[in-house]
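The values are calculated or read from the model by the stated rules, or taken from the named source; none is laboratory data. If you're wondering where the values come from, they're calculated on a predicted model, not measured in any experiment. Here Cβ is always computed from backbone atoms with ideal geometry, including for glycine, and neighbour counts include all displayed protein chains.
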Amino acid sequence: MSRVARFLSTEQSFPIPLGSHIGDGTVRGYYIDMRVKADEPALPRGWDHFSDKTLWVAIAQWALGAYEHHLDSGDDRWLGGMRDAGEFLLRNVGEDGGLWQTFLLGHTFPLAPRWISAMAQGQAASVLVRLHLETGEDRYAEGALRVLEPLYVDTPDGGARAYLDGGPWLEEYPTDPPSYVLNGGIFAIWGVYDVAVGLGDERARREWELCAGTFHRNVHRWDTGHWSRYDLFPHPFLVNVASLAYHALHMNQLRAMQRIAPDDRVADVLTRFESYASSGALRMRAFAAKSAFRMAVPRNTRLARVWPGPVRKSLRASA
């Protein structure tokens with residue numbers, strides 16, 4: 001894979017299709033097929049030794065990919081790998097339920113240590129719920145409940161919950177003002193859904209209904225009229241449109257949401273997103289817009305510190 005593909009998140013950089021084992025009102029396969037994240041049924045070397053620099057979401061997605069391999073093949077080695085990842089997550093959950101990141105994030109949204117991601121918390125919950133359902137071990141269910149705790153806490157108080165149009169939105173990156181990242185918010189609320197449905201937890205069910213309502217009422221906000229937006233953050237000068245890969249991911253996430261919580265407003269936006277993706281001219285326009293945004297806001301800590309623009313200012317302020 002080329003550096004350009006990774007830098008711009010083209011469709012070749014991480015093809016992650018709709019999950020093929022999504023349960024009908026139950027928790028089974030994951031909503032997005034993460035098998036591309038897991039190459040072999042063993043945790044990648046080094047994670048145990050470099051947990052202070054590991055993105056917890058990477059471990060959760062690896063585990064979800066391993067589970068998808070298991071469902072496809074019936075090979076218990078994949079389930080064993082998933083279990084190892086679940087144990088790793090459990091060992092690193094804080095007393096407050098947080099999977100805390102302890103490094104400076106040089107990204108679109110610079111975050112100083114310590115920071116927490118609703119996406120990582122939600123996907124960790126999704127892993128642990130599935131492990132509980134596969135093994136019957138209560139400690140996985142208890143772990144899933146615990147990692148949801150930061151999602152019930154507002155971002156100014158150290159949690160990962162913001163508000164949009166009066167309803168809760170779970171923040172992949174807990175920024176001020178809120179970033180409202182579309183893919184991360186959906187991944188996060190799927191964790192709440194899995195705890196509600198898979199464990200029958202009423203608190204999670206209430207939160208799921210609130211978060212899903214926020215999503216349904218506001219999904220149109222990520223529609224520019226010609227492409228999807230990655231986030232709703234008020235970036236100076238440029239809108240952060242989705243890359244080609246993230247636009248494809250957005251469509252699959254909306255398709256998955258229609259499987260578990262159908263809504264006409266989502267269907268309308270999905271239809272528009274699909275029409276944009278089918279237009280060669282709009283794909284070229286989106287690629288050009290994303291390239292311009294990435295030049296202005298690089299996803300690299302070293303570049304961000306010296307690059308002129310808002311990221312440099314934010315990083316200096318957080319140092």
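Annotations
- Residue check: Arg6 meets all listed conditions (1) assigned to a loop (DSSP other than H, G, I, E, B); (2) at pLDDT below 95 but one, namely (1).
- Residue within the range 216-234 that is closer than 20 Å to Gly23 by Cβ, hydrophobic (A, V, I, L, M, F, W, C) and either at pLDDT 95 or above or buried (at least 18 other Cβ atoms within 10 Å of the Cβ) (or both) present: no
- You will find that of Phe273, Phe287, the residue that is touching a helix residue (DSSP H, G or I) at 6+ places or on another chain (Cβ under 8 Å), closer than 27 Å to Arg217 by Cβ and crowded, with 16+ Cβ neighbours inside 10 Å is Phe273 and no other.
- Test for Leu55: is it surrounded by fewer than 21 Cβ atoms within 10 Å (Cβ to Cβ) and under 23 Å from Leu182 (Cβ atoms): yes
- Count of residues meeting criterion [more than 16 Å from Gly159 (Cα to Cα) and outside any helix (DSSP H, G or I)] in the range 116-131: 0
- The set of residues from the range 35-84 being part of a loop (DSSP other than H, G, I, E, B), closer than 26 Å to Pro113 by Cα and within 21 Å of the chain's Cα centre (by Cα) comprises Leu43, Pro44, Trp47, Thr54, Leu55.
- Each residue in the range 95-115 was checked for being in contact (Cβ under 8 Å) with a residue 40 or more places away in the chain, surrounded by fewer than 20 Cβ atoms within 10 Å (Cβ to Cβ) and over 15 Å from Thr155 (Cβ atoms), and 5 pass.
- The residue that is farthest from the chain's Cα centre (by Cα), among those in the range 126-146 that are surrounded by fewer than 24 Cβ atoms within 10 Å (Cβ to Cβ), within 18 Å of Arg205 (Cα to Cα) and among the charged types (D, E, K, R), is Glu142.
- Count of the range 147-167 residues which are buried (at least 20 other Cβ atoms within 10 Å of the Cβ) and free of Cβ contacts under 8 Å to residues at least 40 places away in the same chain: 2
- Residues in the range 85-121 that are at pLDDT below 95, among the aliphatic types (A, V, I, L, M) and more than 16 Å from the chain's Cα centre (by Cα): Leu104, Leu111, Ala112.
- All positions within the range 43-68 that are more than 19 Å from Ala125 (Cα to Cα) and modelled with pLDDT of 95 or more: none
- There is no residue in the range 72-94 that is touching a helix residue (DSSP H, G or I) at 6+ places or on another chain (Cβ under 8 Å), buried (at least 21 other Cβ atoms within 10 Å of the Cβ) and over 26 Å from Pro41 (Cα atoms).
- Only one entry of Leu170, Leu199 meets the criterion of being over 30 Å from Ala242 (Cα atoms), buried (at least 16 other Cβ atoms within 10 Å of the Cβ), of a type in the set (A, V, I, L, M, F, W, C) and in contact with a Leu (Cβ under 8 Å, 6 or more places away or on another chain), and that entry is Leu199.
- The condition (being part of a helix (DSSP H, G or I) and not charged (D, E, K, R)) is satisfied by just one residue among Pro113, Pro156: Pro156.
Residue by residue, here is whether (1) at positive phi; (2) in contact with a strand residue (DSSP E or B) (Cβ under 9 Å, 6 or more places away or on another chain); (3) free of Cβ contacts under 8 Å to residues at least 12 places away in the same chain holds:
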{"site": "Ile189", "(1), (2), (3)": "no, yes, no"}
{"site": "Gly198", "(1), (2), (3)": "no, no, no"}
{"site": "Glu209", "(1), (2), (3)": "no, no, yes"}
{"site": "His235", "(1), (2), (3)": "no, no, no"}
{"site": "Leu249", "(1), (2), (3)": "no, yes, no"}
{"site": "Asp264", "(1), (2), (3)": "no, no, yes"}
{"site": "Ala281", "(1), (2), (3)": "no, no, yes"}
